[in-house]
């Protein structure tokens with residue numbers, strides 16, 4: 001049976017709690033539960049068991065060549081039908097995304113995703129595009145949400161009526177010494 005797979009970065013519990021404070025539950029959108037906050041590196045979609053094993057091996061190999069990195073949220077803004085916590089891009093983060101994309105593509109797993117990488121944490125969805133043009137949502141600068149990333153996670157996304165559930169299949173530490 002296929003699983004809906006993506007590779008992402010976990011947030012610290014402190015970062016999750018700080019981001020939760022930006023989630024105005026009176027605003028008419030479907031808010032993401034803080035347990036689901038993450039930065040997506042690569043979305044693979046439906047993946048069978050053989051492919052999943054290759055994904056795990058690839059993510060493990062790539063992760064081992066990286067060092068832990070500091071990430072920072074720079075703003076909360078509406079993008080199409082979502083509210084994002086925009087993560088400040090770094091050379092390390094972009095390199096990690098590119099290397100994972102290249103290695104997964106070379107292994108026949110997914111496609112290269114270079115141009116579309118805009119690191120973010122999805123905080124909410126409206127369900128319809130252009131909904132924000134009718135709502136009074138204003139971007140907010142953020143300067144108090146930073147977190148260290150020490151590993152990449154292979155997640156399964158299970159779609160449910162109340163919103164997706166993300167299950168960590170495995171996590172791979174960044175092992176390279178500075």
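Any residue in the stretch 62-69 that is in a strand (DSSP E or B) and either crowded, with 21+ Cβ neighbours inside 10 Å or over 14 Å from the mean Cα position of the chain (by Cα) (or both)? Let's see the steps before the verdict.
Within the stretch 62-69, the subset in a strand (DSSP E or B) is 69.
Subset that is either crowded, with 21+ Cβ neighbours inside 10 Å or over 14 Å from the mean Cα position of the chain (by Cα) (or both): 69.
Yes, the stretch 62-69 has at least one match.
Within the stretch 25-36, which residues are out of contact with any helix residue (DSSP H, G or I) (no Cβ under 6 Å at 6 or more places or on another chain) and surrounded by 13 or more Cβ atoms within 10 Å (Cβ to Cβ)? Show your work before the answer.
Taking the stretch 25-36 first, the residues out of contact with any helix residue (DSSP H, G or I) (no Cβ under 6 Å at 6 or more places or on another chain) are 25-33, 35-36.
Answer for the stretch 25-36, where residues must be out of contact with any helix residue (DSSP H, G or I) (no Cβ under 6 Å at 6 or more places or on another chain) and surrounded by 13 or more Cβ atoms within 10 Å (Cβ to Cβ): 27, 29, 31, 32, 33, 36.
Every residue, every condition in (1) surrounded by 12 or more Cβ atoms within 10 Å (Cβ to Cβ); (2) more than 16 Å from the chain's Cα centre (by Cα); (3) closer than 25 Å to residue 88 by Cα, yes or no:
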residue: 137; (1), (2), (3): yes, yes, yes
residue: 141; (1), (2), (3): no, yes, yes
residue: 146; (1), (2), (3): yes, no, yes
residue: 151; (1), (2), (3): yes, no, yes
residue: 156; (1), (2), (3): yes, no, no
residue: 160; (1), (2), (3): no, yes, no
residue: 165; (1), (2), (3): yes, no, no
residue: 171; (1), (2), (3): yes, no, yes
residue: 174; (1), (2), (3): yes, yes, yes
Quiz item: Of the numbered conditions (1) crowded, with 16+ Cβ neighbours inside 10 Å; (2) part of a strand (DSSP E or B); (3) under 16 Å from the mean Cα position of the chain (by Cα); (4) touching a residue at least 40 places away in the same chain (Cβ under 8 Å), residue 59 satisfies every one except a single condition; which is it?
Solution: (2)
Quiz item: buried (at least 16 other Cβ atoms within 10 Å of the Cβ), in contact with a strand residue (DSSP E or B) (Cβ under 7 Å, 6 or more places away or on another chain) and free of Cβ contacts under 8 Å to residues at least 40 places away in the same chain - does that describe any residue in the stretch 72-86?
Solution: yes
Quiz item: When the stretch 26-56 is examined, which residues are found to be touching a strand residue (DSSP E or B) at 6+ places or on another chain (Cβ under 6 Å) and in a loop (DSSP other than H, G, I, E, B)?
Solution: 29, 32, 37
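Throughout, read-outs are computed from the coordinates displayed, never taken from laboratory work. These figures come from a predicted structure and were not determined experimentally. Positions of Cβ are backbone-derived with ideal geometry, glycine not excepted, and every protein chain shown enters the neighbour counts.
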